[in-house]
Amino acid sequence: MIEIRALADRRQFEDAVQLQKKIWGFHDIELLPVRLFVVANKVGGQTYGAYDCARMVGFCLAIPGLKPGGKSYLHSHMLGVLPEYHNHGIGRLLKLRQREDALERGIDLIEWTFDPLEIKNAYFNMERLGAIVRRYVENQYGTTTSFLHGGLPTDRCIAEWWIASERVRCILEGRRPERTIEGRVPVPARIERIRREDPKHAREIQKFVGEQLVRGFEQGLAVIGFEKSEQQGAYLLGRWT
């Protein structure tokens with residue numbers, strides 16, 4: 001039975017730092033430090049842990065943000081779950097707790113970045129949570145030491161989760177919102193194998209996906225859905241209001 005708990009003390013923050021090493025394999029210089037968790041907890045951010053009894057098996061950290069014009073939102077900077085606890089719905093539990101807290105505070109937008117080549121994450125973000133994407137950033141964090149990034153530039157999509165919208169409520173209730181698809185951007189499955197065995201080809205795929213998404217965004221389209229099979233995934237582009 002997994003329990004989501006608000007993190008509040010230094011020992012819990014230290015556990016979250018250790019999880020970063022286990023999940024991403026970051027070198028110490030790239031770890032989010034305990035001090036950031038402390039600050040986030042004090043200035044309106046979010047720090048949550050997922051627990052299997054006394055063991056922390058996942059966590060998330062969000063920090064408050066401010067858009068041009070003064071709109072407040074939350075930037076969900078990091079969410080991770082130990083590999084042996086994947087596919088148990090823990091990431092969704094953490095996101096739903098983030099949403100619940102944000103709505104209670106009158107915040108209607110949570111954003112985060114994700115790797116556009118990771119089709120499992122893309123499907124989760126669009127089809128399980130109801131996020132959309134309208135922005136693509138090249139090499140957001142620079143080249144990292146994480147084995148999950150495979151030495152590629154850290155190109156990222158920006159997920160926008162409009163948590164009070166009808167679209168999100170519909171998806172969280174298990175219903176599919178109405179949508180008209182105007183374009184598709186394919187992504188092969190098993191990208192981790194391509195990264196490992198043919199990094200040059202992985203980079204070509206990354207550039208292709210980025211160029212196609214940016215082209216769609218420039219035409220006023222957004223990612224409003226995602227399809228996946230054993231062979232590939234596809235970003236579904238359409239209008240979003």
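No value in this document is a laboratory result; all are computed from the given coordinates. If you're wondering where the values come from, they're calculated on a predicted model, not measured in any experiment. For neighbour counting, all protein chains shown are included, and Cβ atoms are generated from backbone atoms with ideal geometry for every residue, glycine included.
Among residues of the stretch 98-123 being over 29 Å from F208 (Cβ atoms), within 15 Å of the chain's Cα centre (by Cα) and not hydrophobic (A, V, I, L, M, F, W, C), the one that is surrounded by the fewest Cβ atoms within 10 Å (Cβ to Cβ) is R99.
Inspect all residues belonging to the stretch 74-87 and state whether any of them is in contact (Cβ under 8 Å) with a residue 24 or more places away in the chain, part of a helix (DSSP H, G or I) and among the hydroxyl-bearing types (S, T, Y). Yes, there is a match, as at least one residue in the stretch 74-87 is in contact (Cβ under 8 Å) with a residue 24 or more places away in the chain, part of a helix (DSSP H, G or I) and among the hydroxyl-bearing types (S, T, Y). So G49 ticks every box in (1) more than 19 Å from the chain's Cα centre (by Cα); (2) over 24 Å from I158 (Cβ atoms) but one. Which box is left unticked? Only one criterion in (1) more than 19 Å from the chain's Cα centre (by Cα); (2) over 24 Å from I158 (Cβ atoms) is unmet by G49, namely (1). Being among the β-branched types (V, I, T) and more than 16 Å from R5 (Cβ to Cβ) is a description that does not apply to V81.
Each residue in the stretch 160-188 was checked for being in a loop (DSSP other than H, G, I, E, B), farther than 12 Å from G225 by Cα and in contact (Cβ under 8 Å) with a residue 12 or more places away in the chain, and 3 pass. Checking each residue in the stretch 193-210 for being assigned to a helix (DSSP H, G or I) and over 20 Å from E227 (Cβ atoms) picks out R193, R195, R196, E197, P199, K200, H201, A202, R203, E204, K207.
Among the residues that make up the stretch 59-66, is at least one of them of a type in the set (G, A, S) and surrounded by fewer than 13 Cβ atoms within 10 Å (Cβ to Cβ)? No, the stretch 59-66 contains no residue that is of a type in the set (G, A, S) and surrounded by fewer than 13 Cβ atoms within 10 Å (Cβ to Cβ). Under the condition of being more than 20 Å from the chain's Cα centre (by Cα) and either among the aromatic types (F, W, Y) or under 16 Å from F59 (Cα atoms) (or both), the residues counted in the stretch 23-34 number 1. Of the residues contained in the stretch 196-203, none is found to be among the charged types (D, E, K, R) and touching a strand residue (DSSP E or B) at 6+ places or on another chain (Cβ under 9 Å). Within the stretch 208-241, how many residues turn out to be free of Cβ contacts under 8 Å to residues at least 12 places away in the same chain and exposed (fewer than 13 other Cβ atoms within 10 Å of the Cβ)? Count: 4.
Within the stretch 133-142, can one find any residue that is basic (K, R) and over 21 Å from L31 (Cα atoms)?
Yes, the conditions are met somewhere in the stretch 133-142.
Taking the stretch 124-144 as the range and being crowded, with 17+ Cβ neighbours inside 10 Å and farther than 25 Å from K71 by Cβ as the test, the residues that pass are F124, T144. Among the residues of the stretch 125-135, the ones that are in a helix (DSSP H, G or I) and over 9 Å from the mean Cα position of the chain (by Cα) come to 4 in all.
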